[in-house]
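Accompanying notes for the structure given below.
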Amino acid sequence: LQVYQGLDIVTNKVTAEERNQCTHHMIGFVDPLVSTYTVVDFRNKAVALISFLENKLPIIVGGTNYYIESLLWKVLLDTGPGDGGDGSPNRKLELEKLGGAELHKRLAEVDPDMAAMLHPNDKRKIARSLQIHKETGIPHSRLLEEQRGQEGGDGLGGPLRYKDPCIFWLHADMEEQFL
């Protein structure tokens, strides 16, 4: 959420003073009224920035696991036009307008394994799975399984995008968080 402009308090963005201490990227550059910004957009911009920084060590901090994982692992499936990353018409948005039960039923017909993993109310993920099936002709669950089976792949997805990363995950006790 820190990519969105004007949501500084809600997203606990670093202060201007903190940003002056070292270079920060990808903070507050997306209009929050633009609903088409996707994890694919994030991943593509971050990968381009990292490759531009050649002799500097990038430090990725914060964010949701989904966005961080999309950057570190090859977990996203690029289906080309319509995947939300190039501004073309997005079938996924059209599908999301349908009811969750109808979407889940459609997914169960073409990819019962993925339907079993997704809650019927998770319209965004169900729509994405249907979009992937429509554009590739292959069930989303099978594509993910193939990705995990690649050399270096694991339960998160395909192999790591960058060689020898140092990854720190902080886990907080939910009971302690809100004291």
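None of the figures in this text is laboratory data; all of them are computed from the coordinates on show. No experiment lies behind these values; they were computed from the predicted model shown. Cβ coordinates were reconstructed from backbone atoms using ideal geometry, including for glycine residues, and neighbour counts include every protein chain displayed.
Quick notes on this one:
- ILE60-LYS105 pseudo-label distance in nm [points 7 Å out on the Cα-to-Cβ vector]: 3.9 nm
- Paramagnetic label zone (point 7 Å from Cα along Cα-to-C-beta, GLN5; backbone N under 11 Å) in region 22-61: 28-34
- Cα gyration tensor shape for region 114-179, rounded if a/c is under 1.5, else prolate or oblate: oblate
- Between the amide H of VAL30 and those of TYR4, GLN5, distances stay under 5 Å, these residues lying 5 or more places away or on another chain, with hydrogens modeled in the peptide plane.
- Highest average packing first - 132-138, 163-169, Cβ atoms within 10 Å: 132-138, 163-169
- Over 26 Å (Cα to Cα) - which of LYS56/LYS163; LYS45/LYS97; LYS13/LYS56; LYS45/LYS105 fall in this group: LYS45/LYS97; LYS45/LYS105
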